[in-house]
Amino acid sequence: MFKGDTILIKLYSFFVLFCPLLLIYMMNFEEKVKLVNWTLNLYAFFFLMSLFTLLLIFVGIHIPNTIIVHPINETYPPFLNYYLLLVPMAENATRFNSVLTEPGHLGMFSAMFLYIDKFQFKKVRDIIFLISLLLSFSFAGYVLFIIGLIIANVSNKHFVKRLTGATILLVIVCGILETNVEAPNGEGVISSLILS
């Protein structure tokens, strides 16, 4: 962009990277809360539109799309770009990734956003984040979600009992799914979708 002109590169980096952080740092607490709420609402809107687009595709409605290729990472397959949803053109593309190129990123963002909202599933955006997390089949997202739940509820004794029961139930359900439900590639559905 600047052909080796390091002063211009440093100035550009300062204005593009440092100034927005400085502006956020200088905000008062109420403005930071508004910024976080605005950001969460924006992500929830994009995730909701992606889920809606995925539903339309699932029921067979044709939606115009283009084929795009990741500009930096050549290991990604080409994507069908539905403008609010990216779908990898791979044989085993069964994981939801919204407008992000990696379902793991979606899962971790969703888990982090749920933690920021203190897992208040009374808000519509938290339901959207939970559905996005579940459909991403992201092991890292699931682990982050569970760690966030534990941190948020570590002082609640009833939660510890419920967590123990839910963990036992989850292990049983995952065991049944892994041994009885086969993924398209011939492996168990848990190892194929979540652990791979």
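The values are calculated or read from the model by the stated rules, or taken from the named source; none is laboratory data. Remember, it's a predicted structure, so these values are computed and weren't measured experimentally. As a convention, Cβ positions derive from the backbone with ideal geometry for all residues, glycine included, and neighbour counts pool all protein chains shown.
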Output the number of residues of the stretch 101-124 satisfying the condition of being surrounded by 21 or more Cβ atoms within 10 Å (Cβ to Cβ) and either among the charged types (D, E, K, R) or under 18 Å from Phe45 (Cβ atoms) (or both). 5
Are there any pairs, at least 6 apart or on different chains, whose C-beta atoms fall under 8 Å, with the first in the stretch 59-73 and under 10 Å from Leu86 (Cα atoms) and the second part of a loop (DSSP other than H, G, I, E, B) and of a type in the set (A, V, I, L, M), and if so, which? Ile67/Met89
Pick from the stretch 145-165, criterion closer than 20 Å to Gly107 by Cα and free of Cβ contacts under 8 Å to residues at least 12 places away in the same chain, ranking: surrounded by the fewest Cβ atoms within 10 Å (Cβ to Cβ): Ile147
Can you name the number of the only condition in (1) touching a residue at least 60 places away in the same chain (Cβ under 8 Å); (2) within 25 Å of His70 (Cβ to Cβ) that His105 fails? (1)
Taking the criterion of being buried (at least 18 other Cβ atoms within 10 Å of the Cβ), assigned to a helix (DSSP H, G or I) and of a type in the set (Lys, Arg), would at least one residue in the stretch 91-100 satisfy it? no
In this structure, is Leu48 free of Cβ contacts under 8 Å to residues at least 40 places away in the same chain, of a type in the set (A, V, I, L, M, F, W, C) and in a helix (DSSP H, G or I)? no
Taking the stretch 166-196 as the search range and keeping residues that are at pLDDT below 80, of a type in the set (A, V, I, L, M, F, W, C) and more than 22 Å from Leu106 (Cβ to Cβ), which one is surrounded by the most Cβ atoms within 10 Å (Cβ to Cβ)? Ala166
From (1) within 17 Å of Pro103 (Cα to Cα); (2) within 20 Å of the chain's Cα centre (by Cα), pick out the condition that doesn't hold for Val69. (2)
Part of a loop (DSSP other than H, G, I, E, B) and in contact (Cβ under 8 Å) with a residue 40 or more places away in the chain - does that describe any residue in the stretch 125-141? yes
Kindly indicate whether Lys118 is modelled with pLDDT under 90, farther than 25 Å from Ile190 by Cα, among the basic types (Lys, Arg) and assigned to a loop (DSSP other than H, G, I, E, B). yes
Being touching a strand residue (DSSP E or B) at 6+ places or on another chain (Cβ under 6 Å) and either outside any strand (DSSP E or B) or surrounded by 13 or more Cβ atoms within 10 Å (Cβ to Cβ) (or both) is the filter here, so list the residues in the stretch 51-67 that pass it. Asn65
